[in-house]
Amino acid sequence: MRSQHNEADAALRRSVVIAMFAAAAVVLGLIEAAIPFQAAVPGAKLGLGNIMVLACLHFLRGRDAISLIVLKTVITSLLLGTFSSFLFSIAGGLLSFAVMYALLRLGRDRFSLIGVSVAGGIAHNIGQLTAATFVLGTSKIFYYLPFLMVAGIATGIFVGFAAKTLIRALGRLPLFESLENPR
Amino acid sequence: MKRGDFWLIGIIVLAAAYFMVAYIRQDHAADRYDGKAYAVVTVDGKPFRTIELTESAERYEIQTEFGYNLLEVKDGGIRMLEADCPDDICIEIGEVRKLGETIVCLPNRVMVEIVGDAEEGGETDAVAT
């Protein structure tokens, strides 16, 4: 009885955290769309939403991060995008998740959140371009990739640093303290 | 930052540099081309129309189920003037004129690519080695 109760309690906590993180990720996406971030590379983005995905991967399980990515992408696309942009974002989001999850699994002592974030950001670009290759029927758009990669290193370092700071701050709250379990 | 991070970033920098060298070489090859250039417009992977890159200013509307775009040809180049997509990346790309250069409006599934003589089936591959 007692363990059943604890399990339900943990599931509820996870749902609450996913919902909060998804809301924060959507707001970060809106802020990012509103600030005139004039990049030298057309199509390069800060990727602020990835801060929440990284925090989710730290505190919760892989499948919770997938829920977060799907929620974030659906809501952001409804607010800002089109069906097409949803398709490209979800492809990018899922590939980015796979890469970041794999790197974290490989070992937290080998990669810091900064490396994970850089790889995740670039995987997002690759996922989007791959989806676009299928839709547009040409791989020519991969010409943009090297420029996106260079921009992705800079934005990835920034996002990784922000995620590190956020995780440290959240870790002090009782709700997150109970979730933090070193794997 | 840990050791793995430096390896990871190093590999990404090398990969990006490799692709960029290929890109620049193609760019130089395109510089030597002095024939007529055309812009091939495709929507959702299907040919939409081919536009000759003329010196005189000309505007072309692309109205499809995916959205609205307005292209402008001027001085032998082409650029996206207007688009109803949410991110306007295609407008940011600016003017393109060299062989192999592209403008992509991903949300509206529009792709514009510069090719050589379109009548002969676009000999881009022979030029862009």
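The values are calculated or read from the model by the stated rules, or taken from the named source; none is laboratory data. This one's a predicted model, so the numbers in the text were calculated from it and none came from an experiment. FYI the Cβ positions are ideal-geometry reconstructions off the backbone, even for glycines, and counts take in every protein chain you see. The area values use the complete protein model at the heavy-atom level, side chains included, leaving out ligands, DNA and RNA. Shrake-Rupley method; radii C 1.70, N 1.55, O 1.52, S 1.80 Å.
Heavy-atom surface analysis with a 1.4 Å probe gives the protein assembly as shown a carbon and sulfur content of 61 percent of its accessible area. When chain A is treated as a Gaussian network with alpha carbon springs shorter than 10 Å, the biggest mean-square fluctuation among A:SER67, A:SER84, A:SER117 belongs to A:SER84. Tell me the angle of helix A:83-106 to the major Cα principal axis of chain A, expressed in degrees between 0 and 90 and rounded to the nearest ten. The helix A:83-106 is inclined about 60 degrees to chain A. Prolate is the label for the protein assembly as shown. Its Cα gyration tensor axes, ordered a ≥ b ≥ c, give a/c of at least 1.5 and a/b above b/c. Within the listed set A:GLY62, A:GLY107, A:GLY49, the residue fluctuating most in the Gaussian network model of chain A (springs between alpha-carbon atoms under 10 angstrom) is A:GLY107. Once backbone amide H atoms are built at 1.01 Å from N, B:GLY76 has B:THR54, B:GLU55 as its partners under 5 Å, excluding neighbours fewer than 5 places away on the same chain.
For chain A, a Gaussian network of Cα nodes joined below 10 Å ranks A:LEU54, A:LEU79, A:LEU104 by mean-square fluctuation, and the top entry is A:LEU79.
Across the stretch A:46-54, rounded Karplus estimates of 3J(HN,Hα) from the backbone phi angles (6.51 cos²θ - 1.76 cosθ + 1.60, θ = phi - 60°) give 5, x, 4, x, 5, 4, 6, 5, 5 Hz, Gly and Pro being marked x.
Gyration tensor over the Cα atoms of chain A: the corresponding equivalent ellipsoid has semi-axes (square roots of 5 times the eigenvalues, largest first) of 29, 18, 15 Å. Straight-line reach from B:LYS2: taking Cα to Cα under 26 Å and skipping same-chain neighbours fewer than 8 places apart, the lysines in range are A:LYS45, A:LYS164. Helix-only arithmetic for the protein assembly as shown: the sum of -39500 (n - 2.57) across DSSP H runs with n ≥ 4, divided by the residue total, places the mean residue ellipticity at 222 nm at -19500 deg cm²/dmol.
Residue by residue along A:80-87, Cβ atoms of other protein chains within 10 Å of the local Cβ number 5 on average. For the peptide A:156-169, the mean number of other protein chain Cβ atoms found within 10 angstrom of a residue's Cβ is 1.
Ordering A:LEU78, A:PHE176, B:LEU70 by Cα displacement along the dipole of the protein assembly as shown toward the positive end leaves A:PHE176 in first place; charges were set at the Cβ atoms of Lys, Arg (+1) and Asp, Glu (-1).
Charge dipole of the protein assembly as shown (Cα centre as origin; +1 on each Lys and Arg Cβ, -1 on each Asp and Glu Cβ, all else neutral): 2100 debye, rounded to the nearest 20. Counting only alpha carbon atoms, the long axis of helix A:62-80 and the longest principal axis of chain A meet at about 50°.
In order along the stretch A:20-35, phi translates into HN-Hα couplings of 5, 5, 5, 4, 4, 5, 5, 4, 4, x, 5, 4, 4, 6, 7, 7 Hz, rounded to whole numbers, per the Karplus curve 6.51 cos²θ - 1.76 cosθ + 1.60 with θ = phi - 60° and x for Gly and Pro. For chain A, the longest principal axis of the alpha carbon atoms and the long axis of helix A:145-170 meet at an angle near 20°.
Taking both sides together, the accessible area buried where B meets A is about 2900 Å² for a 1.4 Å probe. With protein chains left intact and a 1.4 Å probe, residues in the protein assembly as shown average 52 Å² of accessible area per residue. For B:LYS36, the lysines whose Cα falls under 27 Å of its own Cα, not counting residues fewer than eight places away in the same chain, are A:LYS140, B:LYS46, B:LYS74, B:LYS98. Based on alpha-carbon centroids, what's the gap between the stretch A:70-131 and the stretch B:62-110 in Å, whole number please? When both Cα centres are located, 26 Å separates them. For the peptide B:63-71, the mean number of other protein chain Cβ atoms found within 10 angstrom of a residue's Cβ is 1.
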